[in-house]
Amino acid sequence: MSAAVRTAFDFTAYLEAARWRVEAALESSLGPERPESLREAMRYSLLAGGKRLRPILCLAACELAGGDADLAMPTAVALEMIHTMSLIHDDLPAMDNDDLRRGRPTNHKVYGEAKAILAGDALLTRAFEMVALRSPGVAAERLLLVVGELALAAGAPGLVGGQVVDLECEARQVDLDTLEYIHLHKTGALLRACVISGALIAGASEELLAALRTYARGIGLAFQIIDDILDVTASSDVLGKTAGKDLTADKTTYPKLLGLEESRCRAETLVSEAKAVLAPWSAKAAPLLALADYITSRDR
Ligand code: GRG
């Protein structure tokens, strides 16, 4: 088929359809959790909107590897549960101490600190239940690999480790290497788990898994650079979280170390490099390529 006849990939329609499917799956993911007050606190944050980038990355990677995205949906939901848990805990007074998230009062502002911690804990453990017990049609050995990926991303080698170094660096001058370490762990590790777990469910080759790891590293760092830029340039209304937080907390950020222009250039370079590694799969990689571009073009 000639390039002129080939249908262009409609990313807007893709994103809307994927978000719709993810929202429906999230809505039905929480069963009759008891007590009811815990279920309410879990639902409050899980169903509060958000871009749903992580589950969509998982579904897109599964399809790129030739799998059926429906089989990856429980894992996609699990990834959004882990992400939501990390936001609830990150907003606590002992951490970032924020009162606005996804355009609403933070979980602890509504339910109190103890309930917010427990809602996060319940979402984290529910995530593993989704993969291990609620993923029909996926071979047990693939699910075991996914459980391992999720554990590495959430624990000390990922989110927790990144958060600890971030807290230890508060109000201190931080160099570029340390900043990169923090973001590769706090933000990048879960994004990597998204694409790798989707691909594992589809039984991806080692070659594709290696390319996806490189892709994820690039988009993970780029995502955080843009997050730092938006903290300076966007409003709380648009972001749905408190803007200007990094400046107030005197945090080291990419714009602080490199300036806004250089930071934006770096994010764009990282995204180009991430896209380049998927060139051998370009025919089926359109969603992941467009998602990489979305990371630098997003406004929230
Ligand atoms: C208890 C296992 C365990 C881990 C928690 C609190 C913590 C450890 C880590 C903090 C991780 C964190 C909040 C990183 C920031 C990542 C980030 C840039 C979040 C914003 O993501 P978006 O923009 O948000 O995708 P939406 O709302 O669109 O989903």
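I need the P(r) histogram for the stretch 146-226: all alpha carbon pairs, bin width 10 Å from 0 out to the longest distance, whole percents.
Result, from short to long distances: 19, 47, 25, 7, 1 percent.
Going through the cross-link list Lys115/Lys251; Lys241/Lys275; Lys115/Lys241; Lys51/Lys109; Lys251/Lys275, which pairs have a Cα-Cα distance over 24 Å in this structure?
Violating the 24 Å limit, Cα to Cα: Lys115/Lys251; Lys241/Lys275; Lys251/Lys275.
Cut-off 10 angstrom, C-alpha nodes, Gaussian network model of the chain. Which of Ser205, Ser29, Ser235 fluctuates the most?
Result for the chain, Cα springs under 10 Å: Ser205 fluctuates most.
Please work out how much length the chain gains when fully extended from Lys51 to Arg298, using 0.36 nm per residue of separation minus the C-alpha to C-alpha distance, in nm with one decimal.
In short, 87.9 nm is gained.
So what does log10 I(q)/I(0) come out to for the stretch 3-297 at q = 0.09, 0.11, 0.12 Å⁻¹, using the Debye formula with one equal point on every Cα and no solvent?
Those come out to -0.42, -0.63, -0.76, one per q.
Please give the peptides 183-193, 37-47 ranked by average Cβ packing (other Cβ atoms within 10 Å per residue), highest first, as a rough proxy for protection.
Per-residue mean Cβ counts within 10 Å order the peptides as 183-193, 37-47.
Looking only at Gly158, Gly198, Gly240, which one moves most when the chain is put into a Gaussian network model with springs between Cα atoms under 10 Å?
Largest GNM mean-square fluctuation: Gly240.
If I model a spin label at Thr12 and Glu268 as a point 7 Å from the Cα along the Cα→Cβ vector, what separation in nanometres do I get?
2.2
Just report the Cα centroid separation between the stretch 52-88 and the stretch 273-300, whole Å.
16
Per residue, what accessible area does the stretch 3-297 have, given a 1.4 Å probe and all protein chains present, in Å²?
On a per-residue basis, 44 Å².
So if R0 is 35 Å, what FRET efficiency would Ala283 and Ala132 give, r being the distance between their Cβ atoms, rounded to the nearest 0.05?
0.55
Full-extension gain between Glu40 and Ala114, please, as 0.36 nm times their residue separation minus the C-alpha to C-alpha distance.
Computed gain between Glu40 and Ala114 is 25.2 nm.
With r as the distance between the Cβ atoms of Val164 and Ala276 and R0 = 30 Å, compute the FRET efficiency 1/(1 + (r/R0)^6) and round to 0.05.
Using R0 = 30 Å, I get an efficiency of 0.35.
With the full set of protein chains in place, find how many percent of the accessible area of the chain is carbon and sulfur; take the probe as 1.4 Å. Can you show the working numbers first?
Details: 7480 of 13300 Å².
Carbon-and-sulfur percentage of accessible area, whole number: 56.
Run the Debye formula on the Cα coordinates of the stretch 170-300, all scatterers equal and no solvent, and tell me log10 I(q)/I(0) at q = 0.20, 0.22 1/Å.
Log10 of I(q)/I(0), two decimals: -1.14, -1.30.
Take the alpha carbon gyration tensor of the stretch 99-140, find the square roots of its eigenvalues, order them as a ≥ b ≥ c, and report rounded if a/c is under 1.5; if not, report prolate when a/b exceeds b/c, else oblate. List each step's numbers first, then the result.
Numbers: a/c = 5.78, a/b = 2.55, b/c = 2.27.
Verdict is prolate for the stretch 99-140.
Bins of 5 Å, beginning at zero and ending with the bin holding the largest distance: percent of Cα pairs per bin for the stretch 13-109, please.
P(r) for the stretch 13-109, in whole percents per bin: 2, 13, 23, 21, 17, 12, 7, 3, 1.
The values are calculated or read from the model by the stated rules, or taken from the named source; none is laboratory data. Fair warning: this is a prediction, and the values are worked out from it, not measured in the lab. Neighbour counts are summed over all protein chains in view; Cβ atoms, including those assigned to glycine, are modelled from backbone coordinates with ideal geometry. For the accessible areas, the whole protein counts, side chains as well, though only heavy atoms, and no ligand, DNA or RNA atoms are used. Shrake-Rupley method; radii C 1.70, N 1.55, O 1.52, S 1.80 Å.
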